[in-house]
């Protein structure tokens, strides 16, 4: 008997991801009271599954950069180690960013899993993964338009896969941020490349 994929509930997903993006942001912001947040990313596996979200603040970046300094494993060929690490780590969501609770995305992931687990090859082949990307970006834009991020006008919104190029990050960021915010983000990614080249791992 041939497999049949349970149809992907696009309308249900759209409603659920809009709520999840808002609720996860408010949850994370509540855990960073008094801190200056600068980046909010909706993360997922490259196949479009396992949706979650990360938020980072300037203070959180200070903490993770100091952790690397204290480890004694890094040196710099030029400049200050702490400042160089801050630049290098600034947009690495997997290192030091605060992760939203699984509950925030429970409904979202249930909708995906219903189709994905029934026949994951067809989920990928039929373009459902790409549709998830687009719906996640749309949710960021709609929540921005609704004023969810109004208190943080310089907040950079984006997607995050864990294994993507800077070109990917820029292509997504360009679609979901105001131009001034995007331009600053683009500049910071270029600065990250230069910072990385100055870092030396010494064990």
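Take residue 158 and tell me if it is in a strand (DSSP E or B), crowded, with 20+ Cβ neighbours inside 10 Å and modelled with pLDDT of 95 or more. Considered against the rule, which asks whether it is in a strand (DSSP E or B), crowded, with 20+ Cβ neighbours inside 10 Å and modelled with pLDDT of 95 or more, residue 158 comes out as yes. If you go through the range 24-49 and keep only what is farther than 13 Å from residue 99 by Cα, assigned to a loop (DSSP other than H, G, I, E, B) and touching a residue at least 60 places away in the same chain (Cβ under 8 Å), you end up with 45, 46, 47, 48, 49. Could you check the range 56-96 and list, in sequence order, the residues that are under 14 Å from the mean Cα position of the chain (by Cα) and either more than 17 Å from residue 189 (Cα to Cα) or modelled with pLDDT under 95 (or both)? Residues satisfying the conditions are 92, 93, 94, 95, 96. No other residue among 70, 62 is in a helix (DSSP H, G or I) and touching a helix residue (DSSP H, G or I) at 6+ places or on another chain (Cβ under 8 Å) apart from 62.
So that you can scan it fast, the table gives a plain yes or no per residue for (1) free of Cβ contacts under 8 Å to residues at least 60 places away in the same chain; (2) within 30 Å of residue 117 (Cα to Cα); (3) part of a loop (DSSP other than H, G, I, E, B):
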| site | (1), (2), (3) |
| --- | --- |
| 139 | no, yes, no |
| 144 | yes, no, no |
| 152 | no, no, yes |
| 169 | no, yes, no |
| 193 | yes, no, no |
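Could you tell me which of the residues 48, 39, 96 is touching a strand residue (DSSP E or B) at 6+ places or on another chain (Cβ under 8 Å) and on the phi > 0 side of the Ramachandran plot? The match here is 96.
Against the condition crowded, with 19+ Cβ neighbours inside 10 Å and either free of Cβ contacts under 8 Å to residues at least 24 places away in the same chain or over 15 Å from residue 194 (Cα atoms) (or both), how does residue 85 come out, does it pass? Spelling it out, it is not the case that residue 85 is crowded, with 19+ Cβ neighbours inside 10 Å and either free of Cβ contacts under 8 Å to residues at least 24 places away in the same chain or over 15 Å from residue 194 (Cα atoms) (or both).
The values are calculated or read from the model by the stated rules, or taken from the named source; none is laboratory data. Given the structure is predicted, the values throughout are model-derived calculations rather than measurements. Ideal geometry is used to build each Cβ from the backbone, glycine not excepted, and the neighbour counts take in all protein chains shown.
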